[in-house]
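A short reminder: the numbers here are calculations on the coordinates, not readings from a lab. For clarity, every value in this text was computed on a predicted model and none was experimentally measured. Cβ placement follows ideal geometry from the backbone for every residue including glycine, while neighbour counts extend to all protein chains displayed.
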Amino acid sequence: METVYKIYCASYEHALLLVESYRKDPRLQEEILETLNATVPHTGASDLSFFLVMPVQRVTKYPLLLGKILENTPTSASAYPALQAAVRAMAQVNANINEYKRRREVATKYNKAEHLTLRDRFARLNTHSIAKKTTRLSRLLMHEAGIVAKTEDKEYDDLEEKFQCVASSVAMLKENVASYLGHLEAFLLPTPHKCELQIDEGPAQQYRRFAEYLHCTVFPEFKRRLDRLVRQPLCSLSDMLVGPQQLIKKRLDKLLDYEEIQERKSEMGSVTYDEEAAMNTYLAINALLVAELPRFNQVALQILGQILCSLSTLQRDLAAQVLHQAEKELGQMPHDHMPLPSFWKMVEDTLKQSGAQLRTFCQTFEMVTPSPVTQPLNPAEERKVLSLVSKHGPDKLYQVTSNISGSKDLDLTLQRGQIVALLQSVDTKGNKSRWLVDAGGPRGFVPAGKLQPYCPVQSQQPGMQMPALESGTERRRHSYALPEAPRPQVATFTPAFQVVAGFSFAARSPQEVSLQAGQPVVVLEPHDKKGSKEWSLVDVNGQRGYVPSSYLVTVPVQEPMGWSLPV
């Protein structure tokens, strides 16, 4: 009787709030009234609150009724001792129900998660709250420093440790399931099976149908079941943990207050009414947690176990469904009943044949690829590159792969194809994605991802030689002189570049020539007959003509990349 009435009386206020919400729905309220008039017309009840209050009133009447019976029972009667025991028992039941109801009210007050803004928190600050928080903090620091002893409660500490373990497991599983669902959604985004294959019926078409079945049927259904049977129950369990977590946190605050008041009570001998109420609040929260945490931990573990079982079952069902469909598709393959050695021999022969076809294609591709047309740098650019080589060495040169627009202080703005020298492969903050470079004058930082190593082409320039044609007088004049020793050959670095069309251009007169974007050209004159640099005279596959200079782009000559295939 006590257990049933405890729960009912503690939930009575919540039930009244629920009835109040029913009154806001006219249709529901009308249906309730019709039901009451049809079932209990003699009560004249207008809503459910009339019936909800009856059990609360009944349990408090039991001690009064038993006491009245005891008053009218002779002391010599055999039922007198039993009536005395019944009166004491029901009085204790009422006291326990009241205490339980008080604990639940305290818990309801403190276990709500508050989402306060910074302004709301500042609004709550006052002299009393600041003093209370300061006292708690100093008490906590004395605990950590060992100046004062902590209040030990082995039973509660064990229960809290189990609860925190459950809460940590739920949070980790929730995070993993959310990540798993995110990866599954990303996996379902591509739809290769929707592409039409211009090939006849065969293994490729069978695989396409298999992929379509998995993508459109198996995996979406698995995702829906995973959301319904795993994610949603896990989120509900996580929400259930919020209340106890808030209550455990509040218990620690009230414990610090309780210890402070106990110490003051032992010194002064008495406490104020508010201090007594604070002590009772701690005792109520502690008693409620000790009484209900064991059951809560048990239920939470059961729910968590069921969620894990559901997850493993879903994975097993998915694997079985995919395997069944795959076996069904494989049964239609021509090599389904082929012995294993024969199957591997067929795979090996197919790979060799494909490799031979690929090598033939590579050889043909390299034969038909046009060799790049090199274009020397202008003197100013060549002097800048040679200066960088002399200052930093050829191993420090890098090529800008795309236009760079400086957006920060000390950043450089560079054009595609420019040559720079690396000074430091890290910026001042240790960021390895920004490099310090020398652009032949200005120095600054550029993104490392837009640089690639540049190797200058090494060429030999012979020294100056005597002219081949000399007059007889000059020959006789110098006949006594020793032949001049040839000057040593000096190795120089001449970077090689290629000029290509950056945009397509259609010729509009016989003096112009058409271009295709990316087509290599040879610049004959970087200006027209009037000296204007807006037009350049070029040679394109043997045809000469003028094109806009802005349509031409200078790019570095890349070493031809060969194809390497396993032998």
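Worth pointing out:
- Panel values: the stretch 1-111, Kirkwood radius from alpha carbon pairs, Stokes-Einstein at 4 °C and 1.567 mPa s, translational diffusion coefficient 78 µm²/s.
- Charge context of L314, other residues only, Cβ under 13 angstrom, K/R +1, D/E -1: +3
- Within straight-line cross-link reach of K345, aspartates and glutamates at Cα separation under 19 Å, skipping those fewer than 8 residues along the same chain: D336
- Of every Cα-Cα pair in the stretch 267-315, the percent that sits beyond 17 Å: 61 percent
- Three principal axis lengths of the stretch 151-331 [C-alpha, angstrom, descending]: 98, 25, 19
- Computed from Cα atoms alone, the Kirkwood hydrodynamic radius reported for the stretch 192-286 is 19.2 Å.
- By the rule of a C-alpha distance below 20 Å, with chain neighbours fewer than 8 residues away ignored, the lysines paired with K101 are K6, K61, K109, K112, K250, K254.
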